[in-house]
Amino acid sequence: MQSSKRLPRLIVVLGPTASGKSALAVELARRLSGAVISADSRQVYRGLDVGTGKITKREMRGVPHYLLDVADPRRQYTAARYAKDAGRATQKVLARGKVPILCGGTGLYIDAALYGGTFAKGAPDPLFRKRMERLSTEALFVLLEQRDPARARTIDRHNRRRLIRALEIIAATGTSARPLSRTLRFETLKIGVARSKTELARRIRVRLARDLKRGLVQEVQRLHRDGLSFRRLNELGLEYALIARYLKGEIKTRQELEEALGRAIIKYAKRQMTWFKRDPEISWVSSSRKALALARSFLKGVH
């Protein structure tokens, strides 16, 4: 926990996919007169609902939510833009006398919200990208492992666009695309939702089955019909990339698709935990009662 009397207070609720962080954030917001600011790199996009596990109006239970459905999925939304949007959303929440609760599983976006949006970045380099395009996806990942092992542990190893962009930034700047500033904009309490590996895997399987019944495949079909190319769907990762392959016939059967989805989501959850484990300031909790006690003590200034 970072503290400064001059900084406004903000609570972060984080954890891997399917851990139950959205429900916990809503519970805290209802008890503490708060509002939730999403920190998810795909829930910002309109129309990406089932596949991202986006909270529904009913699940919000009347709690205001920010930074959902703010971007066109045909265009890339960056962490730098998110940092600015999150800063504005947080100020709106504070101006209304409510407690800002940042909730999500995208570690880079959480850092961007807390530290601001100055990132190491290089201008697009067409020649560099052309050279990288000649490499296989696996070769790109191995190269990133060599040049930035920390980034390699958290990136989607099957997402060619992100792999090439990460390598491009390193080549241009000598560093990776993390916030350059390490000065907190807020006094911050970080609450992590703790689940055992077995329990998290079970929750992922249950949610995947539910999402498939809710029309996950049909959602991807609709997005493609509405103008998202298969290449763009691949860039959006995980469910969207795998279902795009299924629609193209590269994944042959529904059973093969469901098995591939389950494996990929569990691997993604492991990458999320790799990111979070490097942060000793996270207080991991297994109950909403413990989370609420931590939050109340934090807001009272009891550290």
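Values quoted throughout were computed directly from the atomic coordinates according to the rules given, and no laboratory measurement underlies them. Keep in mind that this is a model prediction, so the values were computed, not measured. Note: ideal-geometry Cβ built from the backbone for every residue, glycine included; neighbour counts use all protein chains shown.
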Which of Tyr82, Tyr246, Tyr109 fluctuates most in a GNM of the chain (C-alpha springs under 10 Å)? That residue is Tyr246
Cα convex hull of region 31-92, projected area averaged across orientations, nm²: 4.6 nm²
Calculate, in nm to one decimal, what Lys130 and Glu145 gain on full extension: separation in residues at 0.36 nm each, minus their alpha carbon distance. 3.4 nm
Log entry: pair-distance distribution for region 126-173, C-alpha pairs binned every 10 Å from zero, whole % per bin is 29, 62, 9
By DSSP, what percent of the beta bridges with both residues in the chain are antiparallel, rounded to the nearest 5? 10 percent
With the 8 Å Cα cutoff and a minimum separation of six or more residues, the chain has a relative contact order in percent of 27 percent
What is the calculated FRET efficiency for Arg31 to Arg161, with r their C-beta to C-beta distance and R₀ = 41 Å, to the nearest 0.05? 0.50
What number, rounded to the nearest 500 deg cm²/dmol, is the helix-based mean residue ellipticity at 222 nm of the chain, given -39500 (n - 2.57) per DSSP H run of at least four residues and division by all its residues? -16000 deg cm²/dmol
Give me Ile266, Ile155 sorted ascending by neighbouring Cβ count inside 10 Å, so fewest comes first. Ile266, Ile155
Along region 85-97, Karplus-curve 3J(HN,Hα) (6.51, -1.76, 1.60; θ = phi - 60°) to the nearest Hz, with x for Gly and Pro, reads 5, 5, x, 5, 5, 5, 5, 4, 4, 5, 5, 8, x
Arg153's amide H: which non-local residues (gap 5+, or another chain) put their own amide H closer than 5 Å, with H modeled 1.01 Å from N in plane and none for Pro or chain starts? none
Mean separation of Cα contacts under 8 Å (at least 6 apart) over the residue count of region 195-271, i.e. the relative contact order in percent, is 29 percent
Please report, in Å, the Rg and the Dmax of region 159-261, where both are computed over Cα atoms only. 18.4, 50
